[in-house]
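Working notes, beginning with the structure itself.
The values are calculated or read from the model by the stated rules, or taken from the named source; none is laboratory data. No experiment lies behind these values; they were computed from the predicted model shown. To get the accessible areas, we keep the full protein, side chains included, count just its heavy atoms, and leave off ligands, DNA and RNA. Shrake-Rupley method; radii C 1.70, N 1.55, O 1.52, S 1.80 Å.
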Amino acid sequence: MSITLYGIPNCGTVKKAREFLAAQGVTYEFHDFKKQGVSEALIAGWLQQLGWQKLLKKTGPTWGQLPDEVKASIVDDAAALALMLEKPNVIKRPVLERDGQVLATGFAAAEYERLFP
């Protein structure tokens with residue numbers, strides 16, 4: 001079983017997820033968006049599993065700084081994919097994946113407790 005946590009290390013939500021996994025003794029690989037990037041194939045796979053509405057983070061400063069016409073143009077997976085490749089910070093973090101299946105986006109303690117009792 002291979003578990004990967006995707007995100008950026010200085011994100012508060014990612015920090016909470018990492019602390020939880022460490023406390024539970026869960027072995028995982030951390031993939032840093034900033035240093036390692038994210039591929040089109042990876043994001044496309046996530047979009048296929050989740051849809052753009054669940055994967056797109058509309059609460060952060062990156063989204064807030066986008067022009068209104070760009071925001072309005074994100075209406076499907078293809079448009080979201082293009083934006084996420086250009087600006088990975090609009091991906092809801094962290095993305096928790098096990099053996100290629102997305103288990104969670106963001107961090108909710110109750111959800112992680114269910115996944116890793």
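Antiparallel DSSP bridges in the chain: what percent, to the nearest 5?
For the chain, the DSSP antiparallel bridge percentage is about 70.
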- Query: Can you give me the relative contact order of the chain as a percent, contacts being Cα pairs under 8 Å and 6 or more apart?
  - Reply: 37 percent
- Using a 1.4 Å probe, how large is the accessible area of residue 69, given in Å² and rounded to the nearest 10? 130 Å²
- Helix 12-24 axis, angle to the chain major axis (alpha carbon atoms, nearest 10°): 20 degrees
- Message: Need one value: the accessible area of residue 84 in square angstrom, 1.4 angstrom probe, rounded to the nearest 10.
- Response: 0 Å²
